[in-house]
Every structure is written in structure tokens, then in C-alpha cells.
1. Of the conditions (1) open to solvent by 60 Å² or more (accessible area, probe 1.4 Å); (2) modelled with pLDDT under 95, Ser186 clears all except one; give me its number.
2. Would you list the strands (runs of 3 or more DSSP E) that sit entirely within region 1-118 and hold 1 or more residues that are at pLDDT below 85?
3. Scanning region 119-159 for residues that are closer than 15 Å to Ala258 by Cα, part of a loop (DSSP other than H, G, I, E, B) and not polar (S, T, N, Q), which turns out modelled with the highest pLDDT?
4. Take region 266-301 and flag every residue that is free of Cβ contacts under 8 Å to residues at least 40 places away in the same chain, in a helix (DSSP H, G or I) and aliphatic (A, V, I, L, M).
5. Examine region 15-31 for a residue that is of a type outside the set (Gly, Ala, Ser) and touching a Pro at 6+ places or on another chain (Cβ under 8 Å), and state whether such a residue exists.
6. So, of the residues in region 160-193 that are in contact with a helix residue (DSSP H, G or I) (Cβ under 7 Å, 6 or more places away or on another chain) and not in a helix (DSSP H, G or I), which turns out to be farthest from Ser256 (Cα to Cα)?
7. Does Ala247 satisfy being open to solvent by less than 10 Å² (accessible area, probe 1.4 Å), in contact (Cβ under 8 Å) with a residue 24 or more places away in the chain and in contact with a helix residue (DSSP H, G or I) (Cβ under 7 Å, 6 or more places away or on another chain)?
8. Take the conditions within 17 Å of Ile242 (Cα to Cα), of a type in the set (A, V, I, L, M), open to solvent by less than 70 Å² (accessible area, probe 1.4 Å) and part of a helix (DSSP H, G or I) and apply them to Leu262. Does it pass?
Amino acid sequence: MTTLVADAGGTYVRFALAQDGQDLREPQKLKVADFPRFNDAVLHYLFTQRVEADDITAFYCAYSTRNGWNFADGAADLPVVLERATFHIINDFEANAYGLLDASDDDVIRFSRQEKQEDHAPRAGKSRASRAVIGVGTGLGLAYIMDTPHGPHVQPTHGGHMLPAILTEHHLELFGAMQSFKTTPSIPIYEDILSGSGIFHVYEVLAKGAHVDREYADTYDLIARGRHDPIVQQTLKIFHEILGAFAHQVVAFGYSYAGLYLTGGVIDRLMMNNVFDVDTFYQCLLQENIAVVKKDVENMP
């Protein structure tokens, strides 16, 4: 028995194999843009691993709607070449949240300010607090992990597509400027800035306003090389301000005081390059709200 696992994100698709109940092999990453159809990516990966499509007996796939492969519209882009496999399909951000259920302390980097947070157990008839998972990558994902009598439940959301809370006039101007980059018109949404392309668009707007030429190829290049660039510093400060404000709303609306988790390719790159701005993030996360909300947010791990 051979199991194929896929994580089809907006920019990359990752594959891994497990044979006869063994652990997964090291995942392999391919660029989504290199393959017109998901089937093409599947067959290419299997060819590199010298595995026949008929050998696959189980297929687990976490999919994003950001790659143009139309997973959300039915099975048109699912690998019909895996004729012997049973299929298990889930949204990629739901899969991300489920993955946290198996995560150990060694799998996360903790930057809570407090040494010990409260255990948000049921009180005065209220149910136990949930956990929130925010992912910044090609898009902006949000999911909640809720404890139930039948085990954990992951609740996906469209939270990244909500109208943002504006902290400053400058933020308002920037969200307005983001509209010019959209191919499909919509209201301003958090994802306009809290995403890989969003960060780069903010940089482009600020560079144009400062009458300087663009120096970086994309967001990852900007994060890797722009540490000492004043315009990049301003771009990342704005990103962390809005991320903190979004996170405050996320935990308050979802009663998610049992834990907030940040993930995604952009967060990973910021951490890897030591430019995740914890101070700015916390300034906007820990708002001067009423006492009970302020206390709960401050005690959230």
C-alpha cells in the first residue's frame, strides 16, 4: 500500500509518499506555475520518485483556492490518474489547523510576553476558549480550533476577506491604494496587505511616494535583503501593525484565549530572517479595551 500526500498551496505544491505504513518521505516542493493542471504535477512527482500511478492506494490532499486548479469547483482538477486510490480532500488551512493538534512544544516558537498564561477553563457557564490559527502566505488564512465533547473541531473561516479595522489615516490611504492592484474588484480586505503580494504592493506604493526605484524582485527578496532599507522598514512596520490589529479582533470575536498561532510562508520568512517585529505586533494586539478583554488578551499564549 502506498499513500500520496499533497499540499497544494497558492505558490507551491508539496508532495510526500509513505509505503506500507512507514513514515512519510521528505516532502518535495514544486512551483504551481510550472504545471497547467494538478494532474501534471502529480504525474511529474511520481515519475521523479519512480512510482506508478496505479501503486497509489490512498491520496490525502490539502488544497488552496489560490492556485487556479479549481479544487473548489468539484473534481475537475483532482488527479483522475490515481484510479486505485481512495481520496481524502480538505481545505489547506483546515489541514494546517489540524496539524497543530499533533504539534509538540518543540514544533512551535513561543514569543508570549508572560512566563505563564491562564488556563481558560469554563467559567460561569461559558465553554472553554478556542485556539486561533492565522496564516500569512500567498493569501491570508484564519481557522479556529474548538474543543468539543467529541474531540477537537476545526472551524474554517473567511476572516482574511473581512473589511479591516483602520488604525490610522495612513492605513486608510494604503488600503485604498491596494485597490489598483486587484484584477477582481472587491471591498478592502485584510488580505490586501496581510499576504505575500500585499507586502510587496505596500512597498511599491511607499517607494513610488518617496520617488525611488524598486530594488527587490518580490516579497521574499525584500525580506531577505531589505533589513536596512528605510522603505522596507516602514513597509514591515505597517504589516505588523495591521497583523496585530487583525489578531486582536480574531481572538476577541472567537473567544480564542487558549492560544494564538501564526504560520504561513511569509511568517516563516520573517522569523528566519529575524525581522518579525514582535514589539509592533504586540502594541497593536494589546489594545486599551475594557478590562475583561484586555486581561484575556494579555494572558493569551
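1. Every condition holds for Ser186 apart from (1).
2. Details: elements: 2-8, 12-19, 28-31, 56-63, 86-91.
Result: 86-91.
3. Ala129
4. Residues satisfying the conditions are Met272, Ala291, Val292.
5. So far as region 15-31 goes, yes, one or more of its residues are of a type outside the set (Gly, Ala, Ser) and touching a Pro at 6+ places or on another chain (Cβ under 8 Å).
6. Within region 160-193, the match that is farthest from Ser256 (Cα to Cα) is Pro188.
7. yes
8. no
The values are calculated or read from the model by the stated rules, or taken from the named source; none is laboratory data. Given the structure is predicted, the values throughout are model-derived calculations rather than measurements. Here the Cβ is made from the backbone with ideal geometry for all residues, glycine too, and neighbour counts use every protein chain on show. Accessible surface areas use protein heavy atoms only, side chains included; no ligands, DNA or RNA. Shrake-Rupley method; radii C 1.70, N 1.55, O 1.52, S 1.80 Å.
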